[in-house]
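Asker: The structure that follows is given in the form of structure tokens.
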Amino acid sequence: MNIKEITGRSLSTSNRILAEEAYNRGVTFEALPNKQFKMSYDKKSYIIRGGKISSAYNTRLAGKLTKYKNATGNFLRGMGYSSLENAVFLTYEVNRAWKWAEDILPVVVKPNDGIMGKLVFVKIDTYDEFKACFEKIAEVRDEILIEKFIEGAEYRFTFVKNDIVAVVKRVPANIVGDDLKNIEQLITSKNKQRSQRKNPLHKKLDMGEESERVLKKQGLSFNVIPKKGETIYLRNNSNVSTGGDAIDVTDDIQPELKETIRKAILAIPGLRVCGVDVLINGDDYHILEINAHAMLTMHHFPWEGEKREVVSKVIDGMFPGTLSKG
């Protein structure tokens with residue numbers, strides 16, 4: 001079975017696995033103009049735009065609300081859920097944005113409609129750094145979101161049709177010291193491990209400008225030799241797409257918190273599948289953002305922990321009555 005043949009386009013890993021699961025259950029595919037395709041089974045059918053299969057399961061209203069992080073945060077806070085206060089600025093408003101940020105430093109600077117952790121700058125606390133990050137985003141995005149940085153561990157809760165079906169802890173790109181190798185050598189060693197494991201999701205670590213910036217803020221460089229067992233972070237954001245590690249913790253999260261996050265998602269009409277980024281610090285939680293087109297593969301290919309069959313649950317919801325062959 002050739003997925004590109006039946007859909008008429010190339011797909012990301014998550015969408016390819018979704019398409020394979022659906023095809024194996026008897027769902028039919030029809031290639032349409034503009035790289036769109038149709039998936040049908042019995043009386044259910046969906047038009048897939050942009051190759052985003054799970055997004056078709058949500059209503060357009062839900063998709064629009066969750067696309068813009070400030071709108072999502074305002075909505076959730078209005079419904080009584082904990083979400084970080086933020087503000088959005090246009091590309092020419094760097095000084096106005098800095099005045100807003102000054103009272104709540106450090107801050108996070110990122111695109112208001114960004115994805116996959118791209119152009120996300122965390123723990124910014126000086127004007128020069130703020131301006132540089134702001135302008136870098138302004139080159140490719142129209143709106144820049146500023147929010148207060150809060151310490152805590154970041155988790156991805158994945159929701160499918162009324163339930164939290166999996167949770168991973170997302171650890172920023174990192175290496176662990178051994179008293180022998182410097183940071184550059186430790187990065188090389190971890191990248192070798194990435195190649196050996198052949199995990200299709202987890203990216204190799206890089207030694208580019210952002211890694212250098214993050215190390216410098218810690219008073220470090222690539223030549224420093226960390227102590228044995230010392231964890232050194234190369235990123236402040238925890239996205240797997242920027243070298244982070246996804247660690248399955250589905251069974252470790254308190255049921256009460258899972259229920260709170262579940263109810264927060266249910267508060268958004270028409271949202272049936274999504275990934276929710278949650279910052280947890282002790283008993284406190286903050287919903288960072290909701291992704292209506294979530295990366296499902298982090299649950300199928302965790303760096304540590306148990307694999308979770310999330311894709312099959314999405315197809316269960318989209319096409320009731322089909323039977324998984326897994």
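The values are calculated or read from the model by the stated rules, or taken from the named source; none is laboratory data. Computed from a prediction, not measured in an experiment: that's the story for all the values here. Note that each Cβ is placed from the backbone with ideal geometry, even for glycine, and that neighbours are counted across all protein chains shown. Side chains included, ligands, DNA and RNA excluded: accessible areas come from the protein's heavy atoms. Shrake-Rupley method; radii C 1.70, N 1.55, O 1.52, S 1.80 Å.
Asker: Taking L201 and the conditions (1) of a type in the set (A, V, I, L, M, F, W, C); (2) surrounded by fewer than 21 Cβ atoms within 10 Å (Cβ to Cβ); (3) at pLDDT 95 or above, which numbered condition does it fall short on, given that it satisfies the others?
Answerer: (3)
Asker: Name the single residue that is surrounded by the fewest Cβ atoms within 10 Å (Cβ to Cβ) among those in the range 49-69 being more than 18 Å from S312 (Cβ to Cβ) and β-branched (V, I, T).
Answerer: Per the criteria, the residue is T59.
Asker: How about the range 70-99: which of its residues are of a type in the set (A, V, I, L, M, F, W, C), modelled with pLDDT of 90 or more and either within 24 Å of K131 (Cα to Cα) or open to solvent by 80 Å² or more (accessible area, probe 1.4 Å) (or both)? Break it down stepwise before answering.
Answerer: Let us first name the residues in the range 70-99 that are of a type in the set (A, V, I, L, M, F, W, C), namely 71, 75-76, 79, 84, 87-90, 94, 97-98.
Then keep just the ones that are modelled with pLDDT of 90 or more; that gives 75-76, 79, 87-90, 94, 97-98.
M79, A87, V88, F89, L90, V94, A97, W98, listed by residue number.
Asker: Here's something else I'd like to know. From V310, V278, grab the single residue that is more than 15 Å from S54 (Cα to Cα) and at pLDDT 95 or above. So that I can check it myself, show each step before the final result.
Answerer: Working: V310 fails: more than 15 Å from S54 (Cα to Cα).
V278 is the lone residue from the list that is more than 15 Å from S54 (Cα to Cα) and at pLDDT 95 or above.
Asker: So, one more: Residue by residue through the range 154-190, note down the ones that are of a type in the set (G, A, S), within 19 Å of H202 (Cα to Cα) and in contact with a Lys or Arg (Cβ under 6 Å, 6 or more places away or on another chain).
Answerer: To start, the set of residues in the range 154-190 that are of a type in the set (G, A, S) comprises 166, 173, 177, 189.
Going one step further and asking which of them are within 19 Å of H202 (Cα to Cα), we end up with 166, 173, 189.
Result: A166, A173.
Asker: If a residue must be part of a helix (DSSP H, G or I), more than 17 Å from L201 (Cα to Cα) and charged (D, E, K, R), how many such residues does the range 1-21 contain?
Answerer: Of the range 1-21, the ones part of a helix (DSSP H, G or I) are 3-7, 13-21.
Of the ones still in play, those that are also more than 17 Å from L201 (Cα to Cα) are 3-7, 19-21.
If we keep only those that are charged (D, E, K, R) too, we end up with 4-5, 20-21.
Number satisfying all stated conditions: 4.
Asker: In this structure, does I17 turn out to be of a type in the set (A, V, I, L, M), touching a Ser or Thr at 6+ places or on another chain (Cβ under 9 Å) and touching a residue at least 60 places away in the same chain (Cβ under 8 Å)? Lay out the reasoning, then the answer.
Answerer: Working: of a type in the set (A, V, I, L, M): yes; touching a Ser or Thr at 6+ places or on another chain (Cβ under 9 Å): yes; touching a residue at least 60 places away in the same chain (Cβ under 8 Å): yes.
Judged against the criteria, I17 is a match.
Asker: Also, quick follow-up: Among the residues of the range 159-198 satisfying the criterion of being of a type in the set (K, R) and exposed (fewer than 15 other Cβ atoms within 10 Å of the Cβ), which is nearest to T66 (Cα to Cα)?
Answerer: Our first condition is that a residue be of a type in the set (K, R); within the range 159-198, this holds for 161, 169-170, 181, 190, 192, 194, 197-198.
Among the residues that remain, those that are also exposed (fewer than 15 other Cβ atoms within 10 Å of the Cβ) are: 161, 192, 197-198.
Numbers: K161: 16, K192: 37, R197: 34, K198: 33 Å.
By that ranking, first place goes to K161.
Asker: I've got another one for you. Scan the range 277-326 for residues that are within 15 Å of the chain's Cα centre (by Cα) and of a type in the set (S, T, N, Q) and jot them down.
Answerer: N291, T297
Asker: In the range 66-92, what residues are within 17 Å of the chain's Cα centre (by Cα) and not in a loop (DSSP other than H, G, I, E, B)? Quick ask: steps written out before the conclusion?
Answerer: Step one: filter the range 66-92 for residues within 17 Å of the chain's Cα centre (by Cα), giving 66-70, 72-73, 83-84.
Matches in the range 66-92: T66, K67, K69, N70, T72, G73, S83.
Asker: Checking the condition open to solvent by 30 Å² or more (accessible area, probe 1.4 Å), within 28 Å of T13 (Cα to Cα) and out of contact with any helix residue (DSSP H, G or I) (no Cβ under 6 Å at 6 or more places or on another chain), which residue from E135, E154, E102, E143 passes? Step through it out loud before you land on a result.
Answerer: Values: E135 fails: within 28 Å of T13 (Cα to Cα); E102 fails: within 28 Å of T13 (Cα to Cα); E143 fails: within 28 Å of T13 (Cα to Cα).
None of the other options fit; the residue is E154.
Asker: Any chance the range 258-278 includes a residue that's within 18 Å of V171 (Cβ to Cβ) and open to solvent by 10 Å² or more (accessible area, probe 1.4 Å)?
Answerer: In the first step, residues of the range 258-278 are kept if they are within 18 Å of V171 (Cβ to Cβ); the result is 275-278.
Pick out the ones that are also open to solvent by 10 Å² or more (accessible area, probe 1.4 Å) and you get none.
No, every residue in the range 258-278 fails to be within 18 Å of V171 (Cβ to Cβ) and open to solvent by 10 Å² or more (accessible area, probe 1.4 Å).
Asker: Any residue in the range 27-47 that is surrounded by 14 or more Cβ atoms within 10 Å (Cβ to Cβ), assigned to a loop (DSSP other than H, G, I, E, B) and touching a His at 6+ places or on another chain (Cβ under 6 Å)?
Answerer: No, that holds for no residue.
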